[in-house]
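The values are calculated or read from the model by the stated rules, or taken from the named source; none is laboratory data. Computed from a prediction, not measured in an experiment: that's the story for all the values here. Don't worry about glycine lacking a Cβ; one is built from the backbone with ideal geometry, like all the others, and counts go over all protein chains shown. To get the accessible areas, we keep the full protein, side chains included, count just its heavy atoms, and leave off ligands, DNA and RNA. Shrake-Rupley method; radii C 1.70, N 1.55, O 1.52, S 1.80 Å.
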Amino acid sequence: YYRATYRDPSRDEMLALALLAAIRGAKGFLFYSYFDQGNPAWDAAARPRRWADLCRVGQALRDLESVLLADAPAPALTLRVREGEVEARAFRDEAGREAVLLAAIGPGPCRAEVMVEGTYRSRFGKTTAADGRYVFRGRDVCGDVLVRG
């Protein structure tokens, strides 16, 4: 029933779900795989790929550790959602490092504009700079991280 009805989240979806949790205040993340249960319904050949995906998501979160755990005042951020459901939050650590997290909830296409002071670059390629603002575009469950500098 599971294989016929559902699918595992993609790497981008796993990242977006973690970013959404961080936007909403999560400070820690726990991932678990049922691959160790030895269920023949799961494709054993997918295990290395799925593990690699999870490691990439974990590294992305690890790279954000200082800002996610920080108590420093965050930069001011304005979010204008033009299509779909998108949430965003800005973070700043005590050393002045800044990041903006964006997550689309889906389903369907999404587009949002973020206004935040400073120059940021997209970590996962879903956000572009345009006319003094940042435009995030995606589809379904997706996310991006803007880092300052």
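A few remarks follow.
- Among the listed values (i) 130; (ii) 115; (iii) 96, the one matching volume of the Cα convex hull per residue in Å³ as calculated from this structure is (ii).
- Accessible-area composition of the chain, carbon plus sulfur, in percent [1.4 Å probe]: 51 percent
- Distant-in-sequence amide H partners of Phe124 (H built 1.01 Å from N, under 5 Å): Val145
- Relative to the Cα centre, the charge distribution of the chain, modelled as +1 at Lys and Arg Cβ and -1 at Asp and Glu Cβ, gives a dipole magnitude of about 300 debye.
- Per residue, in Å², the accessible surface of segment 7-149 once ligands and nucleic acids are set aside, probe 1.4 Å: 56 Å²
- Here the calculated FRET efficiency for Val147 and Tyr1, from their Cβ-Cβ distance with R0 = 41 Å, stands at 0.50, rounded to the nearest 0.05.
- Here the extension length gained between Leu69 and Arg139 equals 22.3 nm, from 0.36 nm per residue of separation less the Cα-Cα distance.
- Sorting the segments 103-115, 19-31 by their mean number of nearby beta carbons within 10 angstrom, highest to lowest, gives 103-115, 19-31.
- Residues in segment 90-107 carry Karplus couplings, in order, of 9, 9, 9, 8, 5, 8, x, 5, 10, 8, 10, 9, 10, 9, 9, 8, x, x Hz; the curve used is 6.51 cos²θ - 1.76 cosθ + 1.60 with θ = phi - 60°, and Gly or Pro positions show x.
- The chain: angle of helix 47-63 to the longest principal axis, Cα-based, in degrees nearest 10: 20 degrees
- Segment 5-23 versus segment 72-137: alpha-carbon centroid distance in Å: 18 Å
- The chain, helix-only ellipticity at 222 nm - DSSP H runs n ≥ 4, -39,500 (n - 2.57), divided by all residues, nearest 500: -7500 deg cm²/dmol
- Net length gained if the chain between Ala129 and Met115 were fully extended (0.36 nm per residue, minus Cα distance): 4.0 nm
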